[in-house]
Every structure is written in C-alpha cells, then in structure tokens.
1. Given the conditions (1) buried (at least 22 other Cβ atoms within 10 Å of the Cβ); (2) modelled with pLDDT of 90 or more; (3) acidic (Asp, Glu), report the number of the one that GLU221 does not fulfil.
2. Tell me, yes or no, whether segment 142-151 has at least one residue that is open to solvent by 50 Å² or more (accessible area, probe 1.4 Å) and either of a type in the set (D, E, K, R) or assigned to a helix (DSSP H, G or I) (or both).
3. Among the listed residues LEU129, LEU96, LEU135, identify the single one that is within 26 Å of ARG211 (Cβ to Cβ), of a type in the set (A, V, I, L, M, F, W, C) and in a helix (DSSP H, G or I).
4. Filter segment 91-141 for residues that are touching a helix residue (DSSP H, G or I) at 6+ places or on another chain (Cβ under 6 Å) and aromatic (Phe, Trp, Tyr); which is least open to solvent (accessible area, probe 1.4 Å)?
5. PRO176 - would you say it is more than 30 Å from ASP22 (Cβ to Cβ) and open to solvent by 20 Å² or more (accessible area, probe 1.4 Å)?
6. Which residue out of GLY259, GLY292 is assigned to a helix (DSSP H, G or I), modelled with pLDDT under 85 and open to solvent by less than 60 Å² (accessible area, probe 1.4 Å)?
7. Go through segment 321-354 and report how many residues are open to solvent by less than 40 Å² (accessible area, probe 1.4 Å) and of a type in the set (A, V, I, L, M, F, W, C).
8. From SER432, SER406, grab the single residue that is among the polar types (S, T, N, Q) and either over 25 Å from ASP337 (Cα atoms) or surrounded by fewer than 24 Cβ atoms within 10 Å (Cβ to Cβ) (or both).
Amino acid sequence: MEAARAQYHNVCMILAVTHVSDAAARLDRLPVSSFHRRTAALLAYVFFFELGDLNSFAYAAPALRQQWDLSIGTIATITSASFVGMFVGAMSAGTLSDHIGRKRALIATTVWYSTMSLFNAFAWSVPSLFAARLLTGVGLSGMTVVAMTYIGEMFPSRVRGAYQARILMIGLIGIPATAYVARFLIPYADWGWRGVFIWGSLALFFPLFARRLEESPRWLERRGRVAEAESVLARIEREVEQETGALRPPVVAIPAAPGNRTDDTGLTALFRSGSGGRALLLVSVWFCQTLGFYGFNAWVPTLLAENGFSIIRALERSSAISIGAVPGAWIASKIADRWERKYLIAIVAVLIGTFGMIYGLSFNTWIIVIFGFLVAMSQQVFAPMLYAYTAECFPTAARNTGAGLSYGIGRLGNAVGPLIVAFLFTTYGYRSVFAYIAACWVVVACLVLAFGPRMNKRTLA
C-alpha cells in the first residue's frame, strides 16, 4: 500500500505541472468496458423514473382539471411549483455532492424524489398538491445535477457525449411509458391520476443496486482522500484490464486551467477557476431552453384538451408524440462526439423551434402528431448534448456548483414559464404559445454560437 501511495504521489507531482489530476488522466485513458456499461445502466434506471415523474403532472392535469374543477391558471401555478423546487434542488445538490460525494448524493436525491412522488399520489387539495410538486422538484433536479457531474467525471472524454445520450435514451423511455400508464389508468377510475404518481416513485429501489457504483476518484482526489482515490482507481483498472488487457499509460491531452485549490468548493471554486463567464452563459442557455422545452412538454395534453380533443384523445396524441424522445437520444449518441458540440446544439435548437411553430399552426391531427413527434425527438437530440456540454465547461472543483447554478436558475425560469403560457393562451390564443416557444429556442442557438467554448474530447480538469 505504501509503495502504491508513493507511486500515486509521484504521478500527481508530474501531472500537477499541467494542472490535470492523476484521476482524470487515468480514467480518461480507459477503454470502454462492462464497468462503463454497468454504470450507464444504473444511471439510466434513475433517469427513467426521473423523466417519467417530471412529466407525470402534465399527463394527470387534464383529469385533475375535470375532477377538481381547476382553472388553467391553477394548473399553471401547480406546474410552476415543480420548477421552484427544481431550482432549490439544483442549487443545493451541488453543495451536498461536494461534501458527501457523488455516489451518496445520487442515492439521497433519488430516494427523495421517489418518496415525494408518493406524496403526490395522496394529495387531497390544491395546496397539498402544490407542496408535493415543489418537494418532488427538489429531488428531480438534485438527482439530475449530480448525475450530470458523475457522468462527466467517470466516462472517458472521447465517449462522454455518447454515453450521456445513451443513458438518456433509456431514461427517456420513461416519458412515453408514463404517458401510456396515464392513458390506461386515468380512464379506468377516478383515482387513476394517483396511480400515475405511484408509478413515478419506483426508483425507490435504487439503493439496492447502488453498491455497484464507484465513488468518483476525481472528487476523492479533490478532497485530499488520495488513498481512497487510489483504491477506487485500482479497482476500476483491474476490472477493465481483466476484460480488455493491459492498459496504456495515462496521456494528458489538454492542460486544464490553473487556480483550483483542494479546499475550495462552491462559488469560491467557481470564481477562482475563472469560470464565471461560462456560468453566466450556461445560466442564460438553460433559462431559455427550459422555457422552450417545458412550454411545449408540460402543456401539450392540456392545450389539446382545451382545443376540443377529449381527455382520452389528448392523452393518445401526447403519448404518440412523446415516443419521439427515444430515437432522439439515439441520434444524439451517434453524433454527440463526432462534431463540435456547440454547433450541434445551436443547429438542433433552431430545428426544435421550427418544428414547434409548424405544430402550433395546424389543427390537422396527422400534422400535430408528426411535428409533435419531431419536436420531442429533436429536444432529446439536444438535451444529452447540453447535459454533457454543461458538465465539461467547468473544472472538477467547480463542476457541481457550475452545473447546479446553470441548471437550477434555468429551472427557476419555468416558475414563471407556465404563467407566461397561461397568459398567452387566454389572451392571444393557442398559436401565440408556439411563437413564444420558437423564440426561446432561437435565443438558445444565438447564445451558444456567439459565446460558447469548444469542448469536444477535452480531458476534464
């Protein structure tokens, strides 16, 4: 053990000149193996129910509107509660993860959102449902922020975007799965909408499988726990070597930015690392993306019902539309690491706005389904790339804080987003909502093109 520790410190001294950690270099040189596939499968499981739960209220809302005699404004208020909670969760999860570790934070946030989803199922009034959605939102975004960081730190740079997309590809099946659960449960009985929230709580079993995950060696190294970092790295390397053969020596491809200290965390680390400008950019991108993304996803069933479709028909169409998410993430897995991510993000954002505008201009059923499908597909080409891009824009010491700040303030934007949609719909009509959504996506494209750094295949600091 002493010999291994001495070797570890010698490598660290060499790598310190270029400001790239030993953990970063050693993880980045690993060939893809069953270790990465197992990690991806476990993360896909929590994303499956996270994404399903995130959309559960959208599918329950038309039935709740009838049973509880709710106005569009009340639906908007309850929807906003989720995003206020998501802001709180995103802002606090980074600090939690920096203090207790990526793995334990991932378990804690998953258990939280699953438990709170059960609370939704037993809501008895508008205030109780508002509280339940708010508390669920805390766990949903907390888990996403921690998972984004974990993926960025555990997967080699050459496949980071592809694995982010593959994880989301499986996770995104949770959206149409939840839509079809709602389609069959809600017409079945008055309590059907409650069953949708029970379905969303099934990630409660995650702690039973989480022991198969490793703690991030980069986090352990930043916390000064070098012996534990070496132990985790050695265990991962042994497993990979057994499958793929002898590993090549670590190669530092691109130096990381200097200025990070082991004892710096949170906002201190963010600004010491010189990442304040990137944080401002990504806050703006996530804010506009959230308005555009959830302006569409959270309102499709309700707006279809308001425009003359029955609840069953509205759920059928929104279910068919949501299937587009799965091939979207598959497309992202094929292109995310092939070309520069910032340009792909901008191009796809413009496509989403265009498809959404065509969707909003038509009342023909087939056009609604086809272009709704294209919107859902394009959104999920976009999402994995932005998740990967956000995490890789920050150094390890500031990664969770930067990602949490960007994601969290973006989600806070949708605390007002549903109110904007409700105002536009009641004042200017159905089509004005989709013009607003398209404008949000165009702004995203302009911001990333004008100010976004190039990040593909860089070894993270």
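1. Here GLU221 clears every test but (2).
2. no
3. It is LEU96.
4. Checked segment 91-141; the qualifying residue least open to solvent (accessible area, probe 1.4 Å) is TYR113.
5. Details: more than 30 Å from ASP22 (Cβ to Cβ): yes; open to solvent by 20 Å² or more (accessible area, probe 1.4 Å): no.
Here the answer is no, as PRO176 does not meet what is asked.
6. Result of the check over GLY259, GLY292: GLY292.
7. 13
8. Values: SER406 fails: either over 25 Å from ASP337 (Cα atoms) or surrounded by fewer than 24 Cβ atoms within 10 Å (Cβ to Cβ) (or both).
Just one listed residue meets the conditions, SER432.
The values are calculated or read from the model by the stated rules, or taken from the named source; none is laboratory data. Quick caveat: nothing in here was measured; it's all calculated off a predicted structure. With ideal geometry, Cβ positions are generated from the backbone for all residues, glycine too; neighbour counts draw on all protein chains shown. The area values use the complete protein model at the heavy-atom level, side chains included, leaving out ligands, DNA and RNA. Shrake-Rupley method; radii C 1.70, N 1.55, O 1.52, S 1.80 Å.
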